[in-house]
Amino acid sequence: MVRLEISIALAYEVLDTSCDLLLNIHPAITASQQVASESITINQPLQHNLYIQGDDGTRLMRLQAARGPLQVHYQGVVDIQHIESPPDVLMEMAVADLPLELFSYIYPSRYCQSDRFLALANHEFGSFAPGYYRVLAIRDWVKQRTRFVKGSTAGSTSAIDTLVDHIGVCRDFAHLMIAVCRALNIPARFVSGIDYGADPSMGPTDFHAYVEVFLSDRWYLFDPTGISPTMGLLRLGTGRDAADVSFATVFGAVIATVPPVISIVAVEDHARGFRLPVHQAMVLSTAGKPVCHYLSK
């Protein structure tokens, strides 16, 4: 098991009389990812409500802030019990066998225009045997052809832009991998979170984005940036692409006074079963199996 201690601090100046915010800074809760303890501190005396979204465990905090400084500080301790599978047994599922609720993850979306990738995906990967190793080849292709440069892209950058420009940040790597997978009818989705284990030379800890691909009846983790071990990935939100899981959606006039301040620490305590995240050969999952409800005549 992996235990991660995290902290997320956001600072804004609200310019309107009031402003509504939807924040995705609480770790998701799944069968494999549980919150041992947490606290939220807000400098303004205002009511906030926490909602859980869907079966992916995404939690959203809704609040209405008044004019003036707004500081939000989340602290939590999260335990992750990974489901491990050997790569050789993981297969792609035929479209006819996919649960119906997974079809949104093979359709094109705002930043993942998979319908524009059909020819490219089949040219590059159509000859590969379907299964884990084809998905791994897609991940490696994205990593090898794309250079990671902080601040190199904008919020409007799509998978097509990353394909052409060969440069991006974690969300761009994720969008490109998702678009190629979907073009081959492999369900793929976007996960926002925080990662442990990145090289300190890359700068302060930031929000991170990675990919989940559906193989053999379960979602499995892939990080096309390769900047941290998959054991060190902590889930905040899950969606079709970045448009679904922004850490902050703001309705009103607000400016960020400083960038988010994020920290993540892994606890090593073998007596209690906590180990540090490391790279490994097994393929990891932290998501539950989808449940499809069929209507019969």
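Here are the numbers for this structure:
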quantity	calculated
Ranked Met61, Met1, Met231, criterion: other C-beta atoms within 10 Å, fewest first	Met1, Met61, Met231
The chain: DSSP helices with Cα axial extent of at least 15 Å and average Kyte-Doolittle hydropathy no lower than 0.5	170-183
Ascending count of other beta-carbon atoms within 10 Å, so fewest first, for Arg147, Arg134, Arg182	Arg147, Arg134, Arg182
Helical mean residue ellipticity (222 nm; -39500 (n - 2.57) per DSSP H run of 4+; nearest 500) of the chain	-4500 deg cm²/dmol
Whole-Hz couplings from phi, Karplus 6.51/-1.76/1.60, listed for region 78-95; x for Gly and Pro	10, 9, 10, 10, 6, 8, 10, 9, x, x, 5, 9, 8, 10, 6, 9, 5, 4
For Ile227, distant residues with modelled amide H under 5 Å away	none
Considering only region 97-235, percent of DSSP beta bridges that pair antiparallel, nearest 5	90 percent
Placed amide H near Val283: partners under 5 Å, 5+ positions off or other chain	Ser85
J(HN,Hα) series, region 2-17, from Karplus relation 6.51 cos²θ - 1.76 cosθ + 1.60, nearest Hz, glycine and proline x	10, 10, 10, 9, 10, 9, 10, 10, 10, 9, 9, 10, 8, 9, 7, 4
Residue order, fewest to most beta carbons within 10 Å, for Ile52, Ile6	Ile52, Ile6
For the chain, the Rg and Dmax computed from alpha carbons only, in angstrom	19.3, 60
Longest to shortest principal axis, alpha-carbon extents of region 100-242, angstrom	39, 32, 25
Cα lying deepest toward the dipole's positive end in the chain, options Thr153, Ile6, Asn122, charges on Cβ	Asn122
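Taken together, the values in this text are just the output of simple stated rules run on the coordinates, not laboratory data. All figures in this text were calculated on a predicted structure; none of them were measured in a lab. Counting neighbours? That spans all protein chains shown, and the Cβs are built from the backbone with ideal geometry, glycine included.
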